[in-house]
Amino acid sequence: MGEGQKLRFGLVGGGEGAFIGAVHRLAAELDGEAELVAACCGSTPERARRAAQAIYRVPAERAYGTTREMFAAERSLPAARRMHFVIIATPNSSHVTIAGEALEAGFHVVCDKPLAADLATAEVLRDHQAASGCRFAVTYNYTGYPMVREARELIAAGGLGAIRRVQCEYLQGWLAEPLEAVNKQASWRTDPARAGASGCFGDIGSHAENLVSYVTGLRIAHLCADLASFVPGRRLDDDGNVLLRFHGGARGVISASQVAVGEENALRLRVYGEHGGLEWSQQEPNSLLLRLADRPLQVLRTGTGGLGALTTMSTRLPGGHPEGFLEAFANIYRGFMADLRGTPAGDYPCLEDGIRGMRFLDRVVASDRAGGVWVAVEENA
Ligand SMILES: NC(=O)c1ccc[n+]([C@@H]2O[C@H](COP(=O)([O-])OP(=O)(O)OC[C@H]3O[C@@H](n4cnc5c(N)ncnc54)[C@H](O)[C@@H]3O)[C@@H](O)[C@H]2O)c1
């Protein structure tokens, strides 16, 4: 791709009434580095073409009815017009097939989480990616927040001492009622065939696992899970707690719920080491609380001085102008697109992070089904 040229991308998913596809488009285009040129936005050809044109103003010849059609047609275009990467924002069970098709056709991939409906199919993508030589990002978008990156740097530099306790919770309340039959997002998230073996943990516990791994750098050795399904008739978990033992001796807990009435997107991480602790909350994302032994509480703020290089690079505005979900999402794209251009700047979650997330979910479900026993998760890295 030439200097000064925008990257071109296609979108799969994000049709009428959909949630995250349109967010991907905004995030990918936020820095003026990329443009949407093709789309396939629905599970039937007619809806997919119609939504691509109506929502995203994609020209008719690049509004595709199926992903196979999309990849074949884009591949045959001259290099100067062809898309460079594809975004996959469809329900979980379709990710691997679509990503496999894209890699086979030579397109880089950005895929939403969880990577797949089960661990075995997720692992298949390793071979596809190796054969293609393409890049692969998984949108664990919370790692794009500047203060999450600051927390990671602080811990890596030994600012808290050896980590002892990790506590992460992701609480929502929107599934406290049986919305399965009336809400598009609820219907597939509570259906094992489309969501996978876990509901709430697959949907948001997966973000918590990734946030913990990213910020602490710790790997989970063993876990013990207790999942629940509170809403009558619901086929997957809508709430749960998972105890964690990390390699190196730290302990932790991940709690996730979609029936915590009144909660919005209450993702909160607290980490405690030998000398201090830190706390970050998604709903107050521009602050990082730092508690050091025998010192007053410090509140580190986005856009102010004295922060790490990656934190500063991940911030677009002076302090006091709130940045949030879209900007953090765009930071994932910034890292990914810099990598495509061969000028790495920042980081982004990749295929191995997605596979690790699937291993976590696989073990959570296995532990819960066995009655809440401790199960092994990862070999030491
Ligand atoms: N990273 C995040 O913060 C975040 C947030 C929400 C959702 N997600 C993930 O994004 C994915 C989509 O979630 P959502 O809430 O946007 O779902 P949604 O139901 O709102 O939208 C899914 C869209 O995909 C379309 N679709 C389904 N199968 C298709 C196919 N084969 N080809 C083309 N289009 C197809 C549907 O018609 C719909 O338009 C899920 O994997 C979910 O876990 C991630």
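What follows draws every value from the coordinates through simple rules; no lab data is involved. Computed from a prediction, not measured in an experiment: that's the story for all the values here. Because the Cβ atoms are built from the backbone with ideal geometry, glycine has one as well, and the counts that use them run over all protein chains shown.
Taking the C-alpha atoms only, the angle from helix 351-369 to the longest principal axis of the chain is near 60 degrees. Charging the Cβ of each Asp and Glu at -1 and of each Lys and Arg at +1, and nothing else, the dipole of the chain about its Cα centre rounds to 400 debye.
Taking the dipole about the Cα centre of region 251-310, with the C-beta of Lys and Arg at +1 and of Asp and Glu at -1, give me whichever of L297, G273, S257 is farthest to the positive side. The listed residue farthest towards the positive side: G273.
Helix 119-132 and the longest principal axis of the Cα set of the chain meet at an angle near 60°. Normalised by 2.2 N^0.38 Å, with N the number of residues, the alpha-carbon radius of gyration of region 278-381 equals 1.43. Rounded to the nearest 10 degrees, the inclination of helix 20-29 to the longest alpha-carbon principal axis of the chain is 80 degrees. Rounded to the nearest 500, the helix-only mean residue ellipticity at 222 nm of the chain stands at -10000 deg cm²/dmol, with each DSSP H run of n ≥ 4 adding -39,500 (n - 2.57). Nothing charged except the Cβ atoms of Lys and Arg (+1) and of Asp and Glu (-1): what's the magnitude of the dipole of region 257-357 about its Cα centre? Round to the nearest 20 debye. Its charge dipole is roughly 220 debye.
Between V231 and N265, the modelled labels are 1.9 nm apart [label points 7 Å from Cα along Cα→Cβ]. Rounded to the nearest angstrom and listed largest first, the equivalent-ellipsoid semi-axes of the chain from its Cα gyration tensor are 33, 26, 19. In a fully extended conformation the segment linking L26 and T304 would gain 97.5 nm over its present Cα-Cα distance, using 0.36 nm per residue. The order of the peptides 109-116, 164-171 by mean Cβ neighbours within 10 Å, most packed first, is 109-116, 164-171. If you take the Cα centroid of region 90-143 and the Cα centroid of region 209-232, the two points sit 22 Å apart. Each Lys and Arg Cβ is given +1 and each Asp and Glu Cβ -1; about its Cα centre, region 7-134 then shows a dipole of about 340 debye. Distance between the pseudo-spin-label points of Q283 and V124 (7 Å out from Cα toward the beta carbon): 4.0 nm. A dipole drawn for region 1-108 from +1 and -1 charges on Cβ atoms has a positive end, and of L26, S94, S76 the residue lying farthest that way is S76.
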